[in-house]
Structure formats: structure tokens, C-alpha cells
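So the structure is just underneath, and the comments pick up after that.
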Amino acid sequence: MTDYLIAPPGAHSPAADPQASQQTPDTPMGWRHRLARFGVLAVAVAGLGVAAAVLPLQSIAHSVMSLGPAAAVAVAVVGGLLLSVLVPRTAITLACGALLGPATGAAAALAAAVIAAIATYYAGRWAGRGALGAKAGGRMARLDGWLNRRGLAAVLLVRFLPLAPYGLIGYAYGTTSVCRKRYLLGTTLAAVPSAVSYAVIGAAVTSPGSMSPLTLTPAVIGFGLTTAIVLRWRFTARRAAAAAA
């Protein structure tokens, strides 16, 4: 099961995903329809981003904290929405820790990351599934095949490395044929170390002296996992090259 998640056999092309095999060639009307969807998504993201920039977030935060036990749920939902409009995840996670404390803040930050991952994935799938492949041609197909071939490990690596804003990666994954389960599992696992570390740091802002060397342990674990994944790929590639020779 683990081998299938990390590198599913036969996932050498988008056709390995049943959803990919159901795609039909683009027609002019189909492409215009997809372009309209891209426009709707872009306007929605831009509108929410402007709202996040102009709304009095500090006052909203104080109001949220007055909700009592429901505050963590509200923070997670608001954080997920902000991540979806490309607000940096580091800032949101620090805020979760400052507002809710290290443990509850980490849980809320992780929940926000999962909410944003689901929302952006399905938004990207609704707006761009199949459209980029039709227009980008072989390059998109090769990238799609690479992501499928690497499975869970590819999701972990992309999420661990700061390649792009958190929400943008979710939109991009939605346009691929990567399995939802591998995407969501990899995204959740990759979000844990930074959620814990940054929430503890955020909590230390309001409670000085609460930090310790153990605060960085989750981040160190994440770095170690990323290094292990890269080394595993290098070893596998060299072994395959040697076998081919």
C-alpha cells in the first residue's frame, strides 16, 4: 500500500488516472467555456484578496476570540480562505499561534491548511482540468506523468519546498490527474511540521519564554524527510540508469 502511494505502478502517464482517460479533445466552445471558468476563478480570488487587504483583520480577530471554544473553528475557516487567496501560510500560522496558543493554534493552522488544500484543488479542477494539457501539449503531459509516477513523494516534496504560495500549488495540482487521496494525504503530512513550529513561535510572541529548542524539532523532521525523498529519487534514478546500460 505504501509503495503504491509513494510511486504507484503504471503511473507513467496521465492515462493511468481514470479521470484522465475520460478527457475528450478540446473544441473551440469547450475552450471558451474553460477560459470563462478561469476568469470567474481569477475574479473570485482577486476579490477575496482585496477584501482581506482592506478589512480590519485585527478587529475581526478580537471578535473571533470572543466566540470561546468556537474560536478555533472560526480561525481555521478564515485561515483557509486567506490561504486560498494566496496570503502567505507562515503569517497565518504565526497568527494562529498568537491568538490560540501553541497546541490549539497548531491544530487550527493545520485545519486551515487542509481546508485551503481541498478548496484550491477542486477550484483548480473545476477551472482548468484538461485545459492546460490541451494547450501546453507535451510539456504539461510530461509534468503530469512525472507527478503521477512519483505519487505521494512528489506531493510531499512540492509541499515541503517553498516553490510557490501555498494556495497556488493547490490550484496547480487541481489541473493535474494526481489522485485526490495522495494529494490530500501528502499535503496534510507536509503541513504538520511547519504548523507546529510556527504556531509555537507565534504563541511565544504573546507568552515570552515559552519557546524551547524543541520548538524547531518538527521543522528539522520536515527537512530530514525532504532530504530523504530527494536522496531516494537520486538512488532510484541511478539504479535505473545502470540497469538500462
query: Only one of these conditions is not met by Ser59: (1) polar (S, T, N, Q); (2) touching a Leu at 6+ places or on another chain (Cβ under 9 Å); (3) modelled with pLDDT under 90. Which number is it?
result: (2)
- request: Determine, yes or no, whether Gly133 is assigned to a helix (DSSP H, G or I) and either within 19 Å of Ala117 (Cα to Cα) or at pLDDT below 75 (or both).
  value: yes
field: Residue, modelled with the lowest pLDDT, within segment 84-113, restricted to residues that are in contact with a Ser or Thr (Cβ under 6 Å, 6 or more places away or on another chain) and within 12 Å of Ile201 (Cβ to Cβ)
entry: Ala98
task: Could you pull out the residue among Ala123, Ala127 that is modelled with pLDDT under 85, buried (at least 18 other Cβ atoms within 10 Å of the Cβ), under 19 Å from the mean Cα position of the chain (by Cα) and in a helix (DSSP H, G or I)?
output: Ala127
field: Condition broken by Val192, with the remaining ones in (1) surrounded by 18 or more Cβ atoms within 10 Å (Cβ to Cβ); (2) closer than 19 Å to Leu100 by Cβ; (3) modelled with pLDDT of 80 or more satisfied
entry: (1)
message: Return the residues of segment 182-194 that are out of contact with any Gly (no Cβ under 7 Å at 6 or more places or on another chain) and in contact (Cβ under 8 Å) with a residue 40 or more places away in the chain; say none if nothing qualifies.
response: Tyr183, Leu184, Leu185, Thr187, Thr188, Ala191, Val192
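Could you please let me know if Arg234 is of a type in the set (Lys, Arg) and at pLDDT 80 or above?
no
The values are calculated or read from the model by the stated rules, or taken from the named source; none is laboratory data. All of these numbers come straight from a predicted model, not from anything done at the bench. Every residue, glycine among them, receives a Cβ derived from its backbone with ideal geometry; neighbour counts consider all protein chains shown.
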